[in-house]
Amino acid sequence: MPKKIVISEIGGPEVLEYVNYEVHSNLLPDNVRIKQLSIGVNYIDTYHRSGIYPLPSKLPTCPGLESAGEIISLGSNVKNFNIGDRVCYASVPLGAYCDIRDFPASKTVKLPDEISTDTAASIFLKGMTVEYLFERLYKLKKNEFFLFHAAAGGVGLIASQWAKSIGSKMIGTVSTSEKAELAKKNGCYYTINYKQENVFEKVKEITNGKLVSVVYDGVGKNTFNISLECLSLRGLLVSFGQSSGMVPSVDLHKTFNPKSLYYTRPTLMHYNSTREELELSSQKLFLKIKNNEIKANIHEIFKLQDASKAHSLIQSRNSSGSIILRP
């Protein structure tokens, strides 16, 4: 009997339950049925579990946004896929933490032969996040300095590689010398150990006092003020996550007016809201992988039933790279 993880109540990693379930015989016309082979664990999953982000469905519900696997059945309206196709996805509806699931074909992407399901599950959501951050939200330029927090995390390591591939100079914050070495190995131009160094002073030194035009901040509460300090006049703060907690309420005038700053709180779902955008983003990522410009950094692989351990690890901020689950 197939298994899945469910959330029956909001709370810590311990609320993740491993249970049996039945796969319905009826497959909706526009869906594909996927045998899950590798499941991505992302920080947003902890937001859904803890209630930081309200769950879109009633409890109990299965979490997870990202997975890679094989199509085992097709809805009657599905034309562009075949049984046996290797596919991946990174989108709502939630429900990736399971053995078998039905998913909209319109949000599903075929995997190139060169890319394994483990690589896809570890990189698809994070890689498309970097794509829209660097290529569409703000177009980074060759030799441009920018600041990226948590450079040795799952998104940060992909960001380091992507920045190197386009010739941009990423300044990445890290918490240990080991993470600094890993970020540099992946292409981060400079690293700043925020536990030992003053981030603002180091950014000022690296840029010869010019500071940076854009800061990518997925940490949130702990880095918000630092990010603002490091921006030059008319700079852009891209707040794409909050692993340290939500940014508190701010006085818009006092916060942004002194340097005429811009602020955005984007999400991948809004940047890949159409099939055309999804295909554009995924194909750019796949090309980077095929060209060996982007490589997977899998920190640890857990069994599906150990999803609570995976959540504890990712929230500890002691991991470097991606975490995946295997059914």
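Structure notes:
- Pairwise centroid distance, computed over Cα atoms, of the range 140-197 with the range 1-35, Å: 36
- Residues with amide H under 5 Å from that of Phe145, placed H, sequence gap 5 or more: Lys169
- If you run the Gaussian network model on the chain, springs between alpha carbon atoms under 10 Å, then out of Asp85, Asp217, Asp113 the most flexible one is Asp113.
- Note on the chain: GNM, Cα springs under 10 Å; of Ser243, Ser281, Ser312, the largest mean-square fluctuation is that of Ser312.
- In terms of packing, defined here as the mean over residues of other Cβ atoms within 10 angstrom, the peptides 181-193, 126-138 line up highest first as 126-138, 181-193.
- Label-reachable residues, the range 278-312, where backbone N falls under 18 Å from a point 7 Å from Ser165's Cα toward its Cβ: 278-298
- A protection proxy built from the mean count of other Cβ atoms within 10 Å ranks the segments 290-296, 249-255, most packed first, as 290-296, 249-255.
- Approximating the spin labels as points 7 Å out from Cα along Cα→Cβ, the Val19-to-Lys221 distance works out to 3.0 nm.
- Label-to-label distance for Glu279 and Tyr53 is 2.6 nm, based on points extended 7 Å past Cα in the beta-carbon direction.
- When the Cα gyration tensor is reduced to axis lengths a ≥ b ≥ c, the ratio a/c stays below 1.5 for the range 137-274, which is therefore classed as rounded.
- Computed FRET value (nearest 0.05) for Asp113 with Gln196, which takes r as the C-beta separation and R₀ as 41 Å: 0.35
- Potential extension, Ser76-Thr176 segment - 0.36 nm per residue separation minus Cα distance: 30.7 nm
- Residue pairs, from the table Lys184/Lys254; Lys107/Lys169; Lys210/Lys254; Lys35/Lys221; Lys179/Lys221; Lys204/Lys284, whose Cα atoms sit over 31 Å apart: Lys184/Lys254; Lys107/Lys169; Lys35/Lys221; Lys204/Lys284
- The charge dipole of the chain, taken about its Cα centre with unit charges on the Cβ of Lys, Arg, Asp and Glu (plus for the first two, minus for the last two), comes to roughly 720 debye.
- Percent of beta bridges antiparallel (DSSP, the chain, rounded to nearest 5): 55
- Ranked by how many other beta carbons lie within 10 Å on average, peptides 41-51, 19-29, 152-162, 314-324 from highest: 152-162, 41-51, 314-324, 19-29
- Charge sum, other residues only, whose C-beta stays under 14 Å from Lys139's C-beta, Lys/Arg counted +1 and Asp/Glu -1: +1
Quick note: the coordinates plus some simple rules give every number you see, no bench work behind them. These figures come from a predicted structure and were not determined experimentally. Every residue, glycine as well, gets a Cβ built from its backbone with ideal geometry; the counts of neighbours run over all protein chains shown.
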